[in-house]
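In what follows, a single structure is set out as structure tokens and then discussed.
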Amino acid sequence: MVIVAGQIVVAAADREAYLAGCVKVVELARAAEGCLDFSIAADLVDPGRINVFERWESQEAVEAFRGSGPEEGQSAAMLSASVAEYDVADVRSLT
């Protein structure tokens, strides 16, 4: 399993528009083969922060979906980003 997690920072005034532009990406990801979960969401405390969380069955599934990355308008709106992939060897349910 692969987890992709981190944050994107945009100008606070641009966050809602940025997120609105991500709706189709989230829909496509959730429908993609190998996607277990995919979320891009506003942070509850920081008005410019957007949290990213993805869970995939395999690295191949991530790469098949990822393609060329964010579109040009989204990349231009990012002030910074810190997103990483994590290979998961074991999972323990907390429920």
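Throughout, read-outs are computed from the coordinates displayed, never taken from laboratory work. Everything quoted here is computed from the prediction, not taken from an experiment. Every residue, glycine as well, gets a Cβ built from its backbone with ideal geometry; the counts of neighbours run over all protein chains shown.
Observations on the model:
- Converting phi to 3J(HN,Hα) with the Karplus coefficients 6.51, -1.76 and 1.60 and the offset θ = phi - 60°, the range 27-40 yields 4, 5, 4, 4, 8, 6, 4, x, 7, 9, 6, 7, 9, 10 Hz in sequence order, with x at every glycine or proline.
- Couplings 3J(HN,Hα) for the range 41-53, derived from phi with the Karplus relation 6.51 cos²θ - 1.76 cosθ + 1.60 (θ = phi - 60°), are 9, 5, 6, 6, 10, 9, x, x, 8, 10, 8, 10, 9 Hz, where x marks Gly and Pro.
- A cut-off of 5 Å between modelled amide H atoms, ignoring neighbours fewer than 5 places along the same chain, links Phe38 with Arg55.
- Stokes-Einstein diffusion for the chain, with the hydrodynamic radius set to the Kirkwood value over Cα pairs and evaluated at 4 °C in a medium of 1.567 mPa s, equals 92 µm²/s.
- Gain on full stretching of the segment that runs from Asp87 to Glu57 - 0.36 nm per residue minus C-alpha separation: 9.8 nm
- Between Val83 and Gln7, the built amide H atoms are under 5 Å apart, and every one of these is 5 or more places off in sequence or on another chain.
- Positive-end ranking of Ala20, Val45, Val91 along the dipole of the chain, with charges on Cβ about the Cα centre, is headed by Val45.
- Which of Val4, Val45, Val10, Val88 has the fewest Cβ neighbours within 10 Å, and the rest in rising order: Val45, Val88, Val4, Val10
- Karplus 3J(HN,Hα) series, Hz, for the range 81-87 with 6.51 cos²θ - 1.76 cosθ + 1.60 (x for Gly, Pro): 8, 9, 10, 9, 9, 10, 8
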